[in-house]
Amino acid sequence: MPRARLVAVGSALPERRLTNADLAKMVDTTDEWITTRTGIRERRIVDPGQRCSDLAEAAARACLEKAGTKAVDVDGIIVATITGDQLMPSVANLVQHRLGAVNAWGFDLLNACNGFVAALSTATCFIESGRAKRILVIGADVMSAIIDYEDRNTCILFGDGAGAVLVEAGDSQGHGVHGFELHSDGGGAAELALPGSGTVPHDAKAAVFQNGRVVFSHAVRRMAEVAESCVAGLGLTGADVDLIIPHQANIRIIEATAERLKVPMERVVVNIDRVGNTTAATIPLALAQADADGRLHEGTRILLVAFGGGFTWGACYLTWGR
Ligand code: COA
């Protein structure tokens with residue numbers, strides 16, 4: 001069975017910064033409250049007219065360039081997002097066309113903050129089954145389009161961005177995805193949701209609703225559980241993880257996950273202070289940050305772990321590179 005190896009990562013962030021000081025002028029909050037409760041200092045926000053597909057395309061181009069791969073050699077494009085330009089066509093189709101990836105199929109995958117882990121797991125199955133050789137897996141979200149900037153419970157948390165990873169078929173004993181685990185619990189559906197985003201009638205503009213305390217307690221428990229279970233399922237422990245690349249929702253959730261695995265924070269990639277929670281983009285953006293910081297090498301042992309609205313959560317253990 002071929003192994004799904006991750007060979008390059010690219011990212012795209014909007015230029016515009018929204019700092020805690022900016023938010024303190026918009027809602028009743030302070031830089032101190034946001035920093036101590038979440039770890040976030042600023043986030044990036046798109047300019048008017050800049051769409052999810054624009055960020056996804058830019059991240060994909062950066063990734064292909066880094067990989068030295070032509071768009072025509074890509075077989076498939078999977079975009080994890082909850083903020084696509086439109087429900088139809090998919091962002092993947094727009095990206096496919098703009099890249100000139102004429103041999104690629106594409107579709108979007110909706111799985112909130114666990115979207116990238118779900119998309120990478122899906123791509124892994126295509127590659128392991130021999131049905132594809134090269135898949136672009138993109139996480140992209142324009143959260144600013146679905147945030148109520150009068151709601152201090154949510155507006156301080158989210159930002160916009162995109163990241164893309166090229167996944168290739170490789171040798172069965174080589175680097176790549178060694179295992180993943182996905183979970184769902186629709187019992188948490190009402191605690192973190194986007195009313196007005198689907199076909200159920202709603203009398204206001206769609207905006208993220210979150211019961212922060214409930215989501216926090218589930219996120220802490222589930223991220224730690226799935227992180228531990230994913231590595232244990234491979235007969236490994238935290239000692240076999242060089243880098244944890246967690247979903248960036250709250251620094252306290254990230255610290256609790258690392259603590260459970262007994263992995264020191266020096267081995268955890270954190271960029272939440274600069275970009276906030278970018279939903280499906282957090283993990284590929286953090287991977288790109290690790291790459292830029294010189295922390296990704298051939299064979300680096302990485303654990304990805306995420307939790308999001310649904311509830312949905314998952315983890316993936318991989319070794320980096322060709
Ligand atoms: N500024 C100042 N005060 C705020 C505030 C803000 N931006 N947002 C909420 N508060 C207030 C609350 O109204 C509450 O006041 P009260 O005690 O008078 O009711 C108080 O601060 C404490 O609120 P609480 O919700 O208990 O804070 P918290 O420590 O749980 O932190 C979150 C709030 C949202 C940061 C935290 O719950 C969280 O990170 N939740 C999970 C987020 C997450 O993971 N989401 C996405 C999953 S993908």
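Observations on the model:
- Meets criteria (among the hydrophobic types (A, V, I, L, M, F, W, C), assigned to a helix (DSSP H, G or I) and surrounded by 19 or more Cβ atoms within 10 Å (Cβ to Cβ)) for CYS113: yes
- Residue in segment 189-200 that is among the polar types (S, T, N, Q), outside the structural domain of LEU157 (by TED's automatic domain parsing) and within 19 Å of the chain's Cα centre (by Cα) present: no
- Taken over segment 1-13, residues that are in contact with a helix residue (DSSP H, G or I) (Cβ under 6 Å, 6 or more places away or on another chain) and either within 15 Å of ARG274 (Cα to Cα) or within 16 Å of the ligand (Cβ to nearest atom) (or both) amount to 2.
- Among the residues of segment 69-92, those identified as buried (at least 19 other Cβ atoms within 10 Å of the Cβ) and not in a loop (DSSP other than H, G, I, E, B) are ALA71, GLY76, ILE77, ILE78, VAL79, ALA80, VAL91, ALA92.
- Answer from GLY170, GLY198, GLY186, GLY161 - the residue that is touching a Pro at 6+ places or on another chain (Cβ under 9 Å) and over 23 Å from ILE251 (Cα atoms): GLY170
- Within segment 231-259, being within 16 Å of the ligand (Cβ to nearest atom) and either open to solvent by 60 Å² or more (accessible area, probe 1.4 Å) or not hydrophobic (A, V, I, L, M, F, W, C) (or both) holds for PRO246, HIS247, GLN248, ASN250, ARG252, GLU255, THR257.
- Among residues of segment 100-110 being within 21 Å of ASP160 (Cα to Cα) and outside any loop (DSSP other than H, G, I, E, B), the one that is most open to solvent (accessible area, probe 1.4 Å) is PHE107.
- Single residue of GLY130, GLY115 found to be out of contact with any Leu (no Cβ under 7 Å at 6 or more places or on another chain) and either small (Gly, Ala, Ser) or modelled with pLDDT under 95 (or both): GLY130
- Selection status of HIS218, within 16 Å of the ligand (Cβ to nearest atom) and farther than 15 Å from GLY115 by Cβ: yes
- Against the list (1) more than 21 Å from PRO48 (Cα to Cα); (2) more than 16 Å from the chain's Cα centre (by Cα); (3) at pLDDT 95 or above, the condition ILE138 fails is (2).
- Residues that are without any contact (Cβ under 8 Å) to a residue 12 or more places away in the chain, of a type in the set (Val, Ile, Thr) and out of contact with any helix residue (DSSP H, G or I) (no Cβ under 6 Å at 6 or more places or on another chain) within segment 26-40 comprise just one, THR36.
- Residues considered: ARG41, ARG51, ARG61, ARG16. Of these, the only one that is in the same structural domain as LEU94 (by TED's automatic domain parsing) and within 16 Å of the ligand (Cβ to nearest atom) is ARG41.
- Tabulated pairs, segment 226-246, first under 20 Å from LEU285 (Cβ atoms), second of a type in the set (Ser, Thr, Tyr) and assigned to a loop (DSSP other than H, G, I, E, B), C-beta under 9 angstrom, 6+ apart or interchain: ASP242/THR300; LEU243/THR300
- Test: residue in segment 166-179 that is touching a Leu at 6+ places or on another chain (Cβ under 6 Å) and either within 15 Å of the ligand (Cβ to nearest atom) or closer than 17 Å to VAL275 by Cα (or both): no
The values are calculated or read from the model by the stated rules, or taken from the named source; none is laboratory data. All figures in this text were calculated on a predicted structure; none of them were measured in a lab. Cβ atoms come from the backbone with ideal geometry, glycine included; neighbour counts cover every protein chain shown. All accessible areas refer to the heavy atoms of the entire protein, side chains included, with ligands and DNA or RNA removed. Shrake-Rupley method; radii C 1.70, N 1.55, O 1.52, S 1.80 Å.
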